[in-house]
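Q: I have a structure I would like to understand better, so I am pasting it below and will then ask my questions one at a time.
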Amino acid sequence: METYYSILEISESATPEEITQSYRLLLQVWHPDRFHHSPKLLTKAEQKTRKINAAFDTLSNPALKQRYDEGLRTSGARQGQQKRKPSGDEARTTRCPNLVCNSVLRVNARTVGKVTCPSCRTTFCYDPERDEKWDINPPETNEFLTPARMAMLAIAVLFAIVVVFAVTKKSKTIVSNKPAQTDEQATLPRNGPTAEAHQGRLNGLDAMQRQMAQAARRAPASPADMISDVDLRQLKTQAAQGKASAQNQLGQRYDSGRGVPQDYATARGWYEKAAAQGHAWAQNQLGQLYADGRGVPQDYKKARQWWEQAAAQGVSQAQYNLGQLHAKGRGVPQDYATAREWYEKAAVQGNAWAQAQLGQLYANGRGVPQDYATAREWYEKAAAQGNAWAQAQLALL
């Protein structure tokens, strides 16, 4: 059964941060802009996006989430109810033990002792206490479709599906879920890997979708700016006094809904106060709000302006985000060379996703000469930090 938890690919015990992270990453994976080349995939992406938004609207609201969880438990209890056991003279069924006959016999529920099959005249002992298959009104069976024949039919159908898939595999359209890829296929060099190897690389990305949904889209703040257990009243007092780090922490609380009701507009207000004082992480978070369209209309140009200010202060996540904008052409002309420059600035600071995207640029020859050795070096650096997507690329390179 499809639930809001399965739609967001999270467990029922997921924290608000995990719900938000999965929501943002799934929106990136299923954004309709990526599927304009295929009307069928575009329709599927739009349907998937509507489901993702509906699931997030419910699970991100504590009150709605509680009512939804209660509804799930009630539904599960109903499905777990067992069929009642017949009593008295109600009829039940059993089968003739003669494999050649295998007829369905109706007997009285109280019958205990020997029963004779009217078809083949086979006599057998019948005890209802040992038979757990209660059925008051059994459906009419088709004697032609015996279990053995059904199994053979299923094997034949499965074999036919495998044959059809093998014949049509090369003509299928592969949609990549690479974070920094556009929709078009990369052109392979004459001396590079074969087309089959490249197609295998793209197919491998589909298996990483679930792991991507579990990965954090944004890097954590610096230790000085991490949300602590400081008393909320004291934190608000410090923020009102103009302390930038306190203003940034309040913005994070309202952004994630930790300790306070989730409110993107209030989060933006506190981020702006801290950003006006030059707080780098608050500037990065403001850019994220505009890029995601949370509490404000989605605006990649404003997101770029805030990320550029944060990147100038050395925030690696802002540098990575700028690389993403240029690689995908969001708010700026698509420019892989500029994307590579931003990725490199973030990668030298140890940003794993920036390292993985550099590997992707070199593997496909975008903004740089195609170089599989260099691509492998960047993938290995990202994989060493636990980046599952880079690990998959290494296995397929």
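Q: For the range 211-257, which residues satisfy the criterion of being open to solvent by 50 Å² or more (accessible area, probe 1.4 Å) and either modelled with pLDDT under 50 or touching a Leu at 6+ places or on another chain (Cβ under 6 Å) (or both)?
A: 211, 214, 217, 218, 220, 222, 223, 224, 226, listed by residue number.
Q: Inspect all residues belonging to the range 305-322 and state whether any of them is within 20 Å of residue 393 (Cα to Cα) and crowded, with 24+ Cβ neighbours inside 10 Å.
A: Yes, the range 305-322 contains a residue that is within 20 Å of residue 393 (Cα to Cα) and crowded, with 24+ Cβ neighbours inside 10 Å.
Q: Restrict the check to the range 258-280 and report whether at least one residue is touching a Ser or Thr at 6+ places or on another chain (Cβ under 9 Å), within 30 Å of residue 360 (Cβ to Cβ) and crowded, with 20+ Cβ neighbours inside 10 Å.
A: Yes, there is a match, as at least one residue in the range 258-280 is touching a Ser or Thr at 6+ places or on another chain (Cβ under 9 Å), within 30 Å of residue 360 (Cβ to Cβ) and crowded, with 20+ Cβ neighbours inside 10 Å.
Q: Now a separate question. How many of the residues making up the range 344-390 are hydrophobic (A, V, I, L, M, F, W, C), closer than 17 Å to residue 323 by Cα and over 28 Å from the mean Cα position of the chain (by Cα)?
A: The total comes to 2.
Q: Oh, and also: Within the range 382-397, how many residues are of a type outside the set (A, V, I, L, M), open to solvent by 50 Å² or more (accessible area, probe 1.4 Å) and touching a Gly at 6+ places or on another chain (Cβ under 8 Å)?
A: Matching residues across the range 382-397 total 1.
Q: If I ask for residues that are more than 27 Å from the chain's Cα centre (by Cα) and in a loop (DSSP other than H, G, I, E, B), which ones from the range 271-314 would you list?
A: Correct list: 277, 278, 279, 313, 314.
Q: Right, another one. Which residue out of 50, 24 is open to solvent by 60 Å² or more (accessible area, probe 1.4 Å) and at pLDDT 85 or above?
A: On the way: 24 fails: open to solvent by 60 Å² or more (accessible area, probe 1.4 Å).
Of the residues listed, the single one that is open to solvent by 60 Å² or more (accessible area, probe 1.4 Å) and at pLDDT 85 or above is 50.
Q: Let me ask something else. Enumerate the pairs (first residue in the range 40-69 and over 16 Å from residue 20 (Cα atoms) and among the aliphatic types (A, V, I, L, M); second residue anywhere and open to solvent by less than 50 Å² (accessible area, probe 1.4 Å) and not in a helix (DSSP H, G or I)) with beta-carbon separation below 6 Å, excluding pairs fewer than 6 apart on the same chain, so at least 6 apart or on different chains.
A: Correct list of pairs: 45/30.
Q: As an exercise: evaluate residue 260 against (1) over 25 Å from the mean Cα position of the chain (by Cα); (2) within 29 Å of residue 356 (Cβ to Cβ); (3) among the hydrophobic types (A, V, I, L, M, F, W, C) and give the number of the one condition it does not meet.
A: Here residue 260 clears every test but (2).
Q: Would you call residue 330 open to solvent by 40 Å² or more (accessible area, probe 1.4 Å) and under 23 Å from residue 308 (Cβ atoms)? Give the steps one after another, and end with the answer.
A: Values: open to solvent by 40 Å² or more (accessible area, probe 1.4 Å): yes; under 23 Å from residue 308 (Cβ atoms): yes.
It is true that residue 330 is open to solvent by 40 Å² or more (accessible area, probe 1.4 Å) and under 23 Å from residue 308 (Cβ atoms).
Q: Next question. Please go through the range 359-374 and give me each residue that is assigned to a loop (DSSP other than H, G, I, E, B) and of a type in the set (Val, Ile, Thr), ordered by number.
A: Kept after step one, since they are assigned to a loop (DSSP other than H, G, I, E, B), are these residues of the range 359-374: 365-371.
Scanning the range 359-374 gives a single hit, 368.
Q: Any residue at all in the range 338-348 that is among the acidic types (Asp, Glu) and within 30 Å of residue 242 (Cβ to Cβ)? Steps first, please.
A: Initial filter on the range 338-348 (among the acidic types (Asp, Glu)): 341, 344.
Those still in the list that are within 30 Å of residue 242 (Cβ to Cβ) too: none.
No, there is no match, as no residue in the range 338-348 is among the acidic types (Asp, Glu) and within 30 Å of residue 242 (Cβ to Cβ).
Q: While we're here: Hey, among the residues in the range 53-83 that are modelled with pLDDT under 85 and among the hydroxyl-bearing types (Ser, Thr, Tyr), which one's least open to solvent (accessible area, probe 1.4 Å)?
A: Filtering first and then ranking leaves 75.
The values are calculated or read from the model by the stated rules, or taken from the named source; none is laboratory data. Owing to the predicted nature of the structure, the values given are computational and were not obtained by experimental measurement. With ideal geometry, Cβ positions are generated from the backbone for all residues, glycine too; neighbour counts draw on all protein chains shown. Ligands, DNA and RNA are stripped out before the accessible areas are found, and what is left, the full protein with its side chains, is counted by its heavy atoms. Shrake-Rupley method; radii C 1.70, N 1.55, O 1.52, S 1.80 Å.
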